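First the structure, in the form of structure tokens, and then the observations on it.
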Amino acid sequence: MMSKDTSHFMDWWREARFGLFIHWGLYAIPAGVWRGTLYPWIGEWIMKHARIPVKDYEQLATQFYPVKFDAESWVSLAKRAGMKYITITSKHHDGFALYKSRVSPYNIVDATPYKRDPIKELAEECSRQGIKLCFYYSQSQDWHHPNGIGNDWDFKPDEEKDFQEYLDNKVKPQLKELLTQYGPIGMIWFDTPKSITKEQSLELKAYVKSIQSDCLVSGRIGNGVGDYASLGDNQHPAGPVHGDFETPCTLNDTWGYKSCDDNWKTVEELIDLLVNCVSKGVNYLLNVGPTAEGIIPAESIERLEAVGQWLKVNGEAVYATGATPYPGEHGDVRISQKGNTLYLMFKKWPGERFTLFGLKNRVLNARFLADARIFVEYTQSVLSTDNNLARLDLLLPEESPDSLVTVLALDLDSVPSVDMRILQQADYSIRLPAHQAGIGENPSGVTECLPIGIMSNWNDPRTALDWSFEVHTPGRFRVALELQMHRKRPELYGTFPVTVQIGEASVKGEAGSINISRDESGDPFHTARAELGEIDITQTGTISAAMRLGKAIQNGADGMPFASIVLEPK
Ligand code: JFZ
């Protein structure tokens, strides 16, 4: 894991929080359809999915003429959306360079009738409008190069390729061009580190830094040597993360333009995803796939502009903020912090009364970012009868002051300091997350919680997970499990029989691939929910909980992808 204090070169990226991803290349011409057949899955992979010979795919270059491309409008869209950096595909897996390259004639200036260098135009525009430019570069997969990874229909199987030859003769020389032709570059976004050794990842990183020492390298350079880590595509962490993370996300399902993909996320969903990332200290890199003409789809523009409108009002809670100081989540409220201020971001308006537990600071002022004139009354107290539980009671307007997520800023007397125990929330719910679990007897020593809050290699019935938590209002509770799973890969998971013990009571049930959502809309990675039953909590104060597996798990993956136990009042 990277440590937070390595140096300052990460500062701009940590403060940015929100960036624009652009996937643009020859694949925008077929846009998902090759010789009359519509190929499912992501558009930029069509060469591989349709096993298109290099000779045929190359012909696309002769048709690439993006008359509507306009660097000024792309960059100003990113600015209007409130994004602080742009990462564009300088070369994707298809091997085609979107810039003038002397290393390979397979580039937009030499191989297309267009003959202009859009990367140069974007670089000039980014510097004019003051936004960081970063380059996606596919360092492993290159379906156009005989020694690049991934093309086994024109070339030898990957195992027989001379990968180092490709690194030496294409990757490094092209990185040199990208890092010397376009001014200062924020980062090289490497991807899909297949067949790359640790030595080779380190060699590439050192090479980038030898040309531009402040240029970051993405986690997908491989072998854990990136300046920060990438989550899976469209994956959102289950808890606050430790270290630097970014999640690359789509507006619909594809990255490269696909004419028939209209599984667009709503503005509400997008703001919620952004706010979720912010509350967990993760950067949100959101993609557009321009058409072959060079147009960013209107559906994308509308959505990004709406997010930008929200950010104009609420950016204070987003830029240069840190993750919630609390060890866990707060129901429908997301939290971020900056200096002495704590930001409560309400995705669901609680109505007139809201109680925040566990804040130890004195609140000096409470203000809405949407309307600073609204007066918010509050009282603070400490309940010694409930194990010194601090509470802040807020009297809010009945209607939410902002139409989407409303942000309430709490200015405190010092840097936020919170109760690190697991606390029952104002809505009486209790969350027992993986990252706060004690891991009991761990005979094989492999069970651990990943930095993104998901239990890994939990497959041994001898290994119990345990917690203790504070209850202020006893009662009857529904018990559910949240697992993070990939919709498209149910075979990875299987079924997990579990027993959950809460105080004296216990429930038994099963969770696993049966809980994967059948809903095809939304992202492949999602939080699936398994209802286990109901239990009674009969007293206030400290309660202990434990969860055990009913049998040893032998699935191909890493055991049960457990994120959280959720107790909700009946
Ligand atoms: C990769 C690319 O193959 C894809 O075309 C696109 O550029 C995307 C941003 O990145 O795809 C991946 C890489 C990693 C995961 C999933 C898809 N992952 O870790 O889950």
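The values are calculated or read from the model by the stated rules, or taken from the named source; none is laboratory data. Nothing here was measured: the structure is a model prediction, and the numbers come from that model. All Cβ positions, glycine included, derive from the backbone under ideal geometry; neighbour counts span all protein chains shown.
Worth pointing out:
- Only one of Thr385, Thr379 that is touching a strand residue (DSSP E or B) at 6+ places or on another chain (Cβ under 7 Å) and not hydrophobic (A, V, I, L, M, F, W, C): Thr379
- For the condition aromatic (Phe, Trp, Tyr), crowded, with 22+ Cβ neighbours inside 10 Å and either within 32 Å of the chain's Cα centre (by Cα) or within 16 Å of the ligand (Cβ to nearest atom) (or both), Tyr166 does not qualify.
- Of everything in the range 194-207 that is hydrophobic (A, V, I, L, M, F, W, C) and in contact with a Phe, Trp or Tyr (Cβ under 9 Å, 6 or more places away or on another chain), the residue that is farthest from Leu175 (Cα to Cα) is Ile196.
- Matching residues in the range 125-153 - criterion: being small (Gly, Ala, Ser) and more than 15 Å from the ligand (Cβ to nearest atom): Ser127, Gly130
- Residues located in the range 427-439, provided they are surrounded by fewer than 22 Cβ atoms within 10 Å (Cβ to Cβ), under 16 Å from Gln501 (Cβ atoms) and in contact (Cβ under 8 Å) with a residue 60 or more places away in the chain: none
- Looking only at residues in the range 170-186 that are in a helix (DSSP H, G or I) and in contact (Cβ under 8 Å) with a residue 60 or more places away in the chain, the one that is surrounded by the fewest Cβ atoms within 10 Å (Cβ to Cβ) is Pro173.
- Count of the range 200-223 residues which are more than 11 Å from the ligand (Cβ to nearest atom), buried (at least 20 other Cβ atoms within 10 Å of the Cβ) and in a helix (DSSP H, G or I): 6
- Selection within the range 35-56 - in contact with a helix residue (DSSP H, G or I) (Cβ under 6 Å, 6 or more places away or on another chain) and either more than 15 Å from the ligand (Cβ to nearest atom) or among the charged types (D, E, K, R) (or both): Glu44
- Test: residue in the range 224-241 that is modelled with pLDDT of 95 or more, within 16 Å of the ligand (Cβ to nearest atom) and not in a loop (DSSP other than H, G, I, E, B): no
- Glu448 vs. criteria modelled with pLDDT under 95 and surrounded by fewer than 18 Cβ atoms within 10 Å (Cβ to Cβ): yes
- Residue among Ser101, Ser138 that is within 19 Å of Val208 (Cβ to Cβ), in contact with a helix residue (DSSP H, G or I) (Cβ under 8 Å, 6 or more places away or on another chain) and of a type in the set (Gly, Ala, Ser): Ser101
- Filter pass, Lys156 being away from the ligand (no atom under 14 Å from the Cβ), in a helix (DSSP H, G or I), more than 23 Å from Phe21 (Cβ to Cβ) and among the basic types (Lys, Arg): no
- Just one of the numbered conditions (1) closer than 18 Å to Ala28 by Cβ; (2) modelled with pLDDT under 95; (3) more than 13 Å from the ligand (Cβ to nearest atom) is not true of Glu293: (2).
- Among the residues listed as Gln539, Gln501, the single one being of a type outside the set (Val, Ile, Thr), touching a residue at least 60 places away in the same chain (Cβ under 8 Å) and farther than 29 Å from Asp233 by Cβ: Gln539
- When the range 1-35 is filtered for residues that are part of a loop (DSSP other than H, G, I, E, B), of a type outside the set (A, V, I, L, M) and modelled with pLDDT under 95, the ones remaining, listed by number, are Ser3, Lys4, Asp5, Thr6, Ser7.
- Selection of the range 451-468 for residues being surrounded by fewer than 23 Cβ atoms within 10 Å (Cβ to Cβ) and part of a strand (DSSP E or B) yields Ser456, Asp466, Trp467, Ser468.
- Screening the range 187-225 for residues that are of a type in the set (Gly, Ala, Ser) and touching a Lys or Arg at 6+ places or on another chain (Cβ under 9 Å) and picking the one that is farthest from Arg14 (Cα to Cα) gives Ser195.
Table: residues versus (1) touching a Ser or Thr at 6+ places or on another chain (Cβ under 9 Å); (2) at pLDDT below 90; (3) more than 16 Å from the ligand (Cβ to nearest atom).
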position	(1), (2), (3)
His472	yes, no, yes
Val479	no, no, yes
Met485	yes, yes, no
Lys488	no, yes, no
Gly494	yes, yes, yes
Pro497	no, no, yes
Gly503	yes, no, yes
Lys508	yes, no, yes
Gly512	yes, yes, yes
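- If the condition is being at pLDDT below 95 and either more than 14 Å from the ligand (Cβ to nearest atom) or in contact with a strand residue (DSSP E or B) (Cβ under 6 Å, 6 or more places away or on another chain) (or both), then the range 250-259 contributes only Ser259.
- Residue match in the range 60-77 (condition: within 16 Å of the ligand (Cβ to nearest atom) and touching a helix residue (DSSP H, G or I) at 6+ places or on another chain (Cβ under 9 Å)): no
- Residue check, Asn287 within 23 Å of Tyr65 (Cα to Cα), in contact (Cβ under 8 Å) with a residue 40 or more places away in the chain and within 18 Å of the chain's Cα centre (by Cα): yes
- Of all residues making up the range 35-65, the number that are surrounded by fewer than 20 Cβ atoms within 10 Å (Cβ to Cβ) and under 31 Å from the mean Cα position of the chain (by Cα): 8
- First in the range 198-209 and among the polar types (S, T, N, Q), second anywhere and assigned to a helix (DSSP H, G or I), Cβ under 8 Å, 6 or more apart: Gln200/Phe163; Gln200/Gln164; Gln200/Leu167; Ser201/Ile221
- Each residue in the range 86-96 was checked for being within 20 Å of the chain's Cα centre (by Cα) and either within 14 Å of the ligand (Cβ to nearest atom) or surrounded by fewer than 23 Cβ atoms within 10 Å (Cβ to Cβ) (or both), and 3 pass.
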